[in-house]
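The values are calculated or read from the model by the stated rules, or taken from the named source; none is laboratory data. Nothing here was measured: the structure is a model prediction, and the numbers come from that model. We place every Cβ from the backbone using ideal geometry, glycine too, and count neighbours over all the protein chains shown. SASA here: full protein model, heavy atoms, side chains in, ligands and nucleic acids out. Shrake-Rupley method; radii C 1.70, N 1.55, O 1.52, S 1.80 Å.
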Amino acid sequence: MRTSKQMSLKLPHRGGKRTGAGRKPKGPRALVSHKARPRFEKPAAVHVTLRVATHVWNLRSRRCFRVIEGCFADARGQSGLRIVEFAVMGNHMHLLAEAESDVALSRGMQGLTVRISRRLNRLMDGRGTVFADHYHARVLSSPSELVSAIGYLLGNAAHHYGIERADGFCSSALDAEERERVLSRPQTWLLKSGWRRAKRIPLSLEKLWACQASDKAPSDRPQTGTNRMIAPREVTDLLRGSALSHL
């Protein structure tokens, strides 16, 4: 017996996701969303991403990296913003920071981006916009989010460039003296001890711990000095493995 097949019938509808709908990107790729950033009145850990314009030189060159690192040192602890970790890629950078409030984050990032823009323009003998758009920020509210963000940030070079050791353009390559000069000490519970409650350790952190245990030194470190990988002092136990047993 031959059975009939029900044919589909497209019904007219209004609203919903449609082809070609939404705001169009101004450049070759979509920029940061202009939705309101999350507000917070108490000190919080934040993952910040900054992307530079296409005409800006490679940030992982020695000359550009020295400028950026110097800006981190000069802006250390100003406007209620504390940079705890950083990772510099070719056309963008990641920051793990603490901010006293959303206003402090906005003011601190404004001052930092202006400082970096002026010095990079001076280096490139240019003028105008250095960053492609305003910064993207994500508040880290749980130990698992924090540990995952640290793993992503410190392992970003492996993701982009396949580097399987401590990256010379990342804060993990700073020695103790350089960390005191460039970075700030965290003050929030989450970065001091709350990370111990994370449910899992990212694979990227385990690889960094293995790299540190085997004493592999980065060869492309743009500055002289100790090349031994130094983890954040509050997360040192995590990378050395002493905290892996009970997490």
Could you check the spin-label model distance between residue 185 and residue 58? Points 7 Å from the Cα along Cα→Cβ, value in nm.
3.8
May I ask you to rank 178, 41, 100 by accessible area, largest first, using a 1.4 Å probe over the protein chains only?
41, 100, 178
Mind giving me the FRET efficiency for residue 103 and residue 161? R0 is 30 Å, r the Cβ-Cβ distance, nearest 0.05 is fine.
0.25
Using the Cα gyration tensor of segment 47-143, with a ≥ b ≥ c the square roots of its eigenvalues, what is the shape: rounded (a/c below 1.5), prolate (a/b larger than b/c) or oblate (neither)?
prolate
For residue 78, net neighbour charge (Lys/Arg +1, Asp/Glu -1) across residues whose Cβ lies under 12 Å away:
+2
Give, in nm to one decimal, the length gained when the segment between residue 122 and residue 136 is fully stretched (0.36 nm per residue of separation minus the Cα-Cα distance).
2.5 nm
Please state the shape class of segment 87-175: rounded when a/c is under 1.5, otherwise prolate if a/b exceeds b/c and oblate if not, all from the C-alpha gyration tensor.
oblate
Take peptides 147-158, 121-132, 43-54 and line them up by average Cβ neighbours within 10 Å, highest first, as a rough protection proxy.
147-158, 43-54, 121-132
